[in-house]
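Structure first, commentary second.
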Amino acid sequence: MRSLKTLLFVALFAFSANAMAQDKVVDRVDQRTVKEFDHQDISYEFKKHWFLNLMGGAQYTLGEAKFDKLISPNVQLGLGYQFTPVFGMRLQANAWQSKGGWNGYVPANGGAPYTADYKYKYVAPGLDFMFNLSNLFCGWNKDRVFNVVAFLGGGANIA
């Protein structure tokens with residue numbers, strides 16, 4: 001149970017923040033501002049790129065067992081490519097273990113009802129097509145902090 005609490009704690013604080021480059025060039029000798037960039041002189045263009053995503057957390061499986069018996073760890077690794085500011089593709093695999101259970105199971109041979117829990121290992125590969133709706137409707141913006149992305153894809157669950 002202690003490792004489950006640690007996993008949930010880490011999952012809650014697994015958000016990341018990106019540091020943005022400063023808009024000023026600083027003289028390292030006396031720490032004075034030497035020049036401020038004029039944003040009209042600098043042009044930024046979208047460049048095709050690869051990306052990697054790593055995710056971890058916990059998942060809950062619907063079932064009849066107690067809540068804490070149905071929480072299990074989960075990890076995902078994905079590799080993708082952004083073709084245009086609007087369209088990208090990602091191949092990922094989600095895996096670890098999943099848990100299930102039932103309450104009051106009555107055996108076919110007429111034995112006493114009992115509650116049972118079980119767990120199994122699995123892998124769930126998938127392919128996603130990603131559409132950046134922010135760039136589609138508002139144009140590409142290098143300074144945009146949040147993007148709305150729609151995913152269309154499929155996958156399999158192999159246990």
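The values are calculated or read from the model by the stated rules, or taken from the named source; none is laboratory data. Keep in mind that this is a model prediction, so the values were computed, not measured. Methodologically, a virtual Cβ is constructed for each residue, glycine included, from the backbone with ideal geometry; neighbour enumeration extends over all protein chains shown. Please note that ligands, DNA and RNA were not included when accessible areas were found on the heavy atoms of the full protein model with its side chains. Shrake-Rupley method; radii C 1.70, N 1.55, O 1.52, S 1.80 Å.
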Quick check: net charge around Ala159, other residues with Cβ under 15 Å of its Cβ, Lys/Arg +1 and Asp/Glu -1? +3
How much length is gained if the chain between Lys121 and Trp102 is pulled fully straight, taking 0.36 nm per residue apart and subtracting their Cα-Cα distance, in nm to one decimal? 5.0 nm
Using Stokes-Einstein with the Kirkwood hydrodynamic radius over Cα pairs, what translational diffusion coefficient do you get for region 49-117 at 25 °C and a viscosity of 0.890 mPa s, in µm²/s rounded to a whole number? 163
Modelled label-to-label distance, Glu45 and Trp140, 7 Å Cα→beta-carbon offset: nm? 0.9
Solvent accessible area, Å² - Tyr81, 1.4 Å probe, full protein context: 50
Counting only other residues whose beta carbon sits under 14 Å from that of Ala116, what net charge do I get with K and R as +1, D and E as -1? +2
For Ser98, what accessible area in Å² do you get when you roll a 1.4 Å probe over the heavy atoms of the protein chains, rounding to the nearest 10? 10
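How high is the relative contact order of region 73-159, in percent, counting Cα pairs under 8 Å that sit 6 or more residues apart?
Over region 73-159, the number comes to 28 percent.
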With every atom except the alpha carbons ignored, what do you get for Rg and Dmax of region 93-159, in angstroms? 22.0, 68
Alpha-carbon Debye profile of region 40-159, log10 I(q)/I(0) at 0.13, 0.17, 0.20 Å⁻¹: -0.70, -0.93, -1.09
